[in-house]
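Q: Before I ask anything, let me first share the structure, which is written out below as structure tokens.
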């Protein structure tokens, strides 16, 4: 007779071999998708280091933290963060993205005081896909406008984001963000090469019942920055028919992966222009719009979805 009150199964901790396999998967996908060869070799080298490690990598992380991982040969800051993410969550955002498995709702739900249901509402109503965009919405009034968002809950979300995002900084200094001109140039390259059929395509897991390889993916560089760009394959993008308009761009910041979304503005002085969401004021300067226009546009777009 089978007991009806059996405990739920708990996933076993990842072994060194498991972690190394995930890192190798990233390297292989980058290779297949035309990624920079130095990045490919970095992920493969990191996998080899973890596989040869004489002690469990989880133990090293517990005892010496991120700095202990960073000191391993072939493991720089970016790979150290990837290994920590794998050990602590069992997931690797970079791998999920390269496989077409990214889920922005799960990312938003990871913030205390939000949860899955409210994360879905935030994503569907506001089109938010990153923690940086969520933080901006928490301070500009958009998050407060959602039903169920009381002052106490909003304060808790703000505090959680302050702790989580500021922990990426070293010496109290934030990452230096790329210029909007650079981000818009990556957006241009992605859309032009994707339209010309020059980019590899992946089969996203979400909103793709036939498993078709339709989503172009770009790996490119600007100086020492490595970028990955994809169309936004989200519920909001599908609902508003923006799947071939919204472009999500990822890059490694000084203290962690960063991302932004580039959209075609639909209203106001920036209408019909490509805009980096959340950095509209810089886009006004980029397009050489006057300061009075900037003030009016800020008011007109403060609660709008791309």
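The values are calculated or read from the model by the stated rules, or taken from the named source; none is laboratory data. Everything numeric in this text was worked out from a predicted model, so none of it was measured. Every residue, glycine as well, gets a Cβ built from its backbone with ideal geometry; the counts of neighbours run over all protein chains shown.
Q: Between 204, 200, 209, which is touching a residue at least 40 places away in the same chain (Cβ under 8 Å) and over 17 Å from the mean Cα position of the chain (by Cα)?
A: On the way: 204 fails: over 17 Å from the mean Cα position of the chain (by Cα); 209 fails: touching a residue at least 40 places away in the same chain (Cβ under 8 Å).
Just a single option satisfies the conditions, and that option is 200.
Q: A further question on this structure: Restricting to the stretch 170-197, and then to whatever is under 27 Å from residue 230 (Cβ atoms) and not in a helix (DSSP H, G or I), can you tell me which residue is modelled with the lowest pLDDT?
A: So the first thing to find is which residues in the stretch 170-197 are under 27 Å from residue 230 (Cβ atoms), and the list is 174-197.
Retained after the next criterion (residues that are not in a helix (DSSP H, G or I)): 174-179, 196-197.
On the way: 174: 50, 175: 58, 176: 75, 177: 84, 178: 92, 179: 94, 196: 95, 197: 95.
Step by step, filter the stretch 170-197, then rank; the result is 174.
Q: What about residue 106, is it part of a helix (DSSP H, G or I), under 14 Å from the mean Cα position of the chain (by Cα) and either more than 21 Å from residue 241 (Cα to Cα) or not assigned by TED's automatic domain parsing to the domain that holds residue 276 (or both)? Give the derivation first.
A: Values: part of a helix (DSSP H, G or I): yes; under 14 Å from the mean Cα position of the chain (by Cα): yes; either more than 21 Å from residue 241 (Cα to Cα) or not assigned by TED's automatic domain parsing to the domain that holds residue 276 (or both): yes.
In short, yes.
Q: Inspect all residues belonging to the stretch 236-246 and state whether any of them is assigned to a loop (DSSP other than H, G, I, E, B), buried (at least 19 other Cβ atoms within 10 Å of the Cβ) and not assigned by TED's automatic domain parsing to the domain that holds residue 34.
A: Scanning the stretch 236-246, I find at least one residue that is assigned to a loop (DSSP other than H, G, I, E, B), buried (at least 19 other Cβ atoms within 10 Å of the Cβ) and not assigned by TED's automatic domain parsing to the domain that holds residue 34, so the answer is yes.
Q: Looking for something farther than 16 Å from residue 22 by Cβ, surrounded by 15 or more Cβ atoms within 10 Å (Cβ to Cβ), over 13 Å from the mean Cα position of the chain (by Cα) and free of Cβ contacts under 8 Å to residues at least 24 places away in the same chain - is there at least one such residue anywhere in the stretch 78-85?
A: Within the stretch 78-85, the subset farther than 16 Å from residue 22 by Cβ is none.
No, that holds for no residue.
Q: Of all residues in the stretch 137-153, which are in contact (Cβ under 8 Å) with a residue 40 or more places away in the chain and touching a helix residue (DSSP H, G or I) at 6+ places or on another chain (Cβ under 9 Å)? First the steps, then the outcome.
A: If we filter the stretch 137-153 for residues that are in contact (Cβ under 8 Å) with a residue 40 or more places away in the chain, which is where we start, we get 140-142, 145, 153.
Listed by number, the residues that qualify are 142, 145, 153.
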